[in-house]
Amino acid sequence: MSYRPKQKIDSTGTVADLPLDAETVKGIDIVDSNDGKIKSSVLPAIAITDTFVVNSQAAMLALTAEVGDICVRTDLNKSYILKTEGASTLANWQELLTPTDAVTSVNGQTGIVSLNYSDVGAAASSHTHSSYVNQNAFSNVKVGSSTIAADTATDTLELVGSNVTLTPDTTNDKVTIGITSTNVTTALGYTPGTSNLAIGSTSTTAAAGNHNHDSTYLKLSKITLSGTTLTIDLD
């Protein structure tokens with residue numbers, strides 16, 4: 001098999017074979033005749049990227065970096081790439097954007113979030129319920145066999161009475177239940193006497209505590225005895 005050298009057409013339209021040690025494309029030599037390698041002048045620029053880790057802006061601007069190098073800033077948790085020559089110029093560094101996390105804010109706050117009770121409308125752990133002093137002391141009040149249950153947190157229990165007097169004491173938070181002569185009169189339906197009755201034997205006097213029921217009160221109208229049976233008829 002014979003080798004046919006590559007050919008080129010020059011600017012005059014003449015076709016000529018390329019020398020084996022100096023092949024060209026469109027009239028431009030691409031192979032170095034000394035070492036047989038492609039000339040660097042016909043190759044595109046090749047960037048070798050380095051990564052630097054620093055903890056401040058000053059350290060980043062002091063780097064010996066080339067375009068395409070990456071700088072990781074531990075103080076900001078951010079990364080930058082050098083987009084233009086001149087690593088000492090902050091404007092030449094471009095921040096690399098990262099995807100947004102699922103949680104972008106907490107209660108309207110971003111970054112490192114620390115919440116307390118006021119941020120979420122809650123009460124302090126040491127709070128008191130002073131605004132609820134008038135709430136029911138008992139959910140149920142039992143009267144005899146009946147139970148009175150509060151309908152709401154601010155329901156009111158009302159005390160009423162018949163033939164009694166209710167005296168509220170708002171200062172000491174108590175109610176005194178009493179009875180008066182008027183209450184007794186109302187309950188009895190008449191006014192009882194206010195003086196003691198004399199001791200006697202009439203309808204308007206009272207009997208003595210040690211009185212006897214003698215013949216004045218007990219009359220024997222008839223006493224009969226039949227055999228061993230005694231019969232007494234009282235008049």
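Quick notes on this structure:
- In region 71-125, residue farthest from ASP50 (Cα to Cα) [restricted to those that are among the polar types (S, T, N, Q) and touching a residue at least 24 places away in the same chain (Cβ under 8 Å)]: THR89
- Candidate set from region 82-115 (those that are charged (D, E, K, R) and at pLDDT 80 or above); member that is farthest from VAL72 (Cα to Cα): GLU85
- Test result for ASP75, under 50 Å from the mean Cα position of the chain (by Cα), surrounded by 11 or more Cβ atoms within 10 Å (Cβ to Cβ) and part of a loop (DSSP other than H, G, I, E, B): yes
- Candidate set: region 151-170, residues that are assigned to a loop (DSSP other than H, G, I, E, B) and hydrophobic (A, V, I, L, M, F, W, C); chosen: the one surrounded by the most Cβ atoms within 10 Å (Cβ to Cβ): VAL164
- Qualifying residue in region 46-55 (condition: in a loop (DSSP other than H, G, I, E, B) and at pLDDT 95 or above): yes
- Identity of the residue in region 171-186, among the polar types (S, T, N, Q) and assigned to a loop (DSSP other than H, G, I, E, B), that ends up surrounded by the most Cβ atoms within 10 Å (Cβ to Cβ): THR180
- Residue match in region 153-165 (condition: touching a helix residue (DSSP H, G or I) at 6+ places or on another chain (Cβ under 9 Å), modelled with pLDDT under 80, at positive phi and not hydrophobic (A, V, I, L, M, F, W, C)): yes
The values are calculated or read from the model by the stated rules, or taken from the named source; none is laboratory data. Source: prediction; values computed, not measured. All Cβ positions, glycine included, derive from the backbone under ideal geometry; neighbour counts span all protein chains shown.
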